[in-house]
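Everything below concerns the one structure shown next.
Every read-out reported here was derived from the displayed coordinates using simple, explicitly stated rules and does not represent laboratory data. Just so it is clear, the model here is predicted, and its values are computed rather than measured. Cβ sites come from the backbone with ideal geometry, for glycine too, and all protein chains shown count toward neighbours.
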Amino acid sequence: MALLELRNVRQQFGGIVALDDVTMDVPEGQIVGLIGPNGAGKTTAFNVITRLYDPNEGDVVFDGKSLLKVAPQNVIRRGIARTFQNNELFPTMTVLDNVLVGAHSTSRFKREGQVRREALEILELVEIGRYANAYAVGLPFGTRKRVELARALVARPRLLLLDEPAGGLNHEEVENLGAFIQRLRDELKLTVLLVEHHMNLVMRISDHVHVLNFGRMLASGPPSQVQRDPKVIEAYLGGEIDETESAAEAAQHAAELAQAQQEGEA
Ligand code: ATP
């Protein structure tokens, strides 16, 4: 059974239909990619799952139960944590204190010492233990992203929503990120839903990929199948002609898709 299911979800903003009859599932223990051109509805899907938005229609089911009655601040206690596209840390707090903010919602009945120990363990796990007492403000971008990840993980989620974890990272960091996400999944027994524009990364580590386009499900399947789906290639190339995406970005997506396909065939 899927850990998370979106069933016929519709999310409208005035005249804009950001999600239109979207049905998708995320099986337990898998890394599931959620891709699509700019404005396809990926972030909206995250916001619906985390209850920031109330969908106009449909249901979001987590572990067999609807989430629609759960208040946004309680989603984390159900076992769902997320990171954001824009690194959102408290700059004048230490790394450890930033992570403890994430523990606050789920650890009310634990002793403070225990919570701190767990936070330090998570910092070690995401390989930034040595920065525990550093202020967030001066840290390199890649390290700040790890802090944000640690803050999500310290709540001990079952489902981790990653919103563009490779965004802003350099080539080498992106290379390492894939194995890192897989290791987290294995060691923490996580299920991961991954929104990411780096097509190679998504295709390399996902067990399954869902593709959104203009708020609708365009394709869904294993990476090897999705990356050679003409509809998917067309959606990325189509972005060149009309949408907000720049020609360079669309071309980059198409090139990444083609390369991922080649690697898949090799
Ligand atoms: P990107 O890859 O650029 O992050 P995305 O796939 O995450 O894009 P969304 O941010 O979910 O796309 O946006 C889907 C559509 O919904 C877009 O047309 C966007 O302008 C619109 N939208 C999203 N959030 C809101 C909102 N709060 N109010 C109005 N329109 C919104």
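Quick one: work out the % antiparallel among DSSP beta bridges in the chain, nearest 5.
Numbers: 21 of 37 bridges.
The answer is about 55 percent antiparallel.
Listed here are the pairs Lys42/Lys189; Lys69/Lys231; Lys69/Lys189; Lys65/Lys189; which of them are more than 31 Å apart at the Cα?
Lys69/Lys231
Output the relative contact order of region 80-172, whole-number percent, from Cα pairs under 8 angstrom with separation of 6+ residues.
It rounds to 49 percent for region 80-172.
Could you work out the helix-only [θ] at 222 nm for the chain, with each DSSP H run of four or more residues adding -39,500 (n - 2.57) and the total divided by the number of residues, to the nearest 500 deg cm²/dmol?
It lands at -12000 deg cm²/dmol.
Could you grab the relative contact order for region 135-201? Cα pairs under 8 Å, six or more apart, rounded to a whole percent.
Relative contact order for region 135-201 comes out at 39 percent.
Sort Ile16, Ile233, Ile49 by Cβ crowding within 10 Å, fewest neighbours at the top.
Fewest-to-most ranking of Ile16, Ile233, Ile49: Ile16, Ile233, Ile49.
Scan region 146-246 for trypsin sites (Lys or Arg not before Pro) in coil per DSSP, keeping those whose Cβ has at most 11 other Cβ atoms within 10 Å, and list them by number.
For trypsin sites (Lys or Arg not before Pro) across region 146-246 that sit outside H, G, I, E and B with at most 11 neighbouring Cβ atoms in 10 Å, the list reads Lys189.
From Cα pairs below 8 angstrom and at least 6 apart in sequence, can you work out the relative contact order of the chain, rounded to a whole percent?
Averaging sequence separation for qualifying contacts and normalising by length gives 24 percent for the chain.
Please list 3J(HN,Hα) in residue order for region 83-89, calculated via the Karplus relation 6.51 cos²θ - 1.76 cosθ + 1.60 where θ = phi - 60°; whole Hz, with x for glycine and proline.
Rounded to whole hertz, the list is 10, 10, 4, 9, 3, 10, 10.
List, in order, the whole-Hz ³J(HN,Hα) value for each residue of region 58-63 obtained from phi through the Karplus relation with A = 6.51, B = -1.76, C = 1.60 and θ = phi - 60°; use x for Gly and Pro.
In residue order, the calculated couplings are x, 9, 10, 10, 10, 6 Hz.
Taking square-rooted eigenvalues a ≥ b ≥ c of the alpha carbon gyration tensor, is region 90-206 rounded, prolate or oblate, where a/c under 1.5 means rounded and, failing that, a/b exceeding b/c means prolate?
oblate
What is the set of long-range amide H partners of Glu57 at a cut-off below 5 Å, with H atoms built 1.01 Å from backbone N?
For Glu57, whose amide H was placed from the backbone, the distant partners under 5 Å are Arg10.
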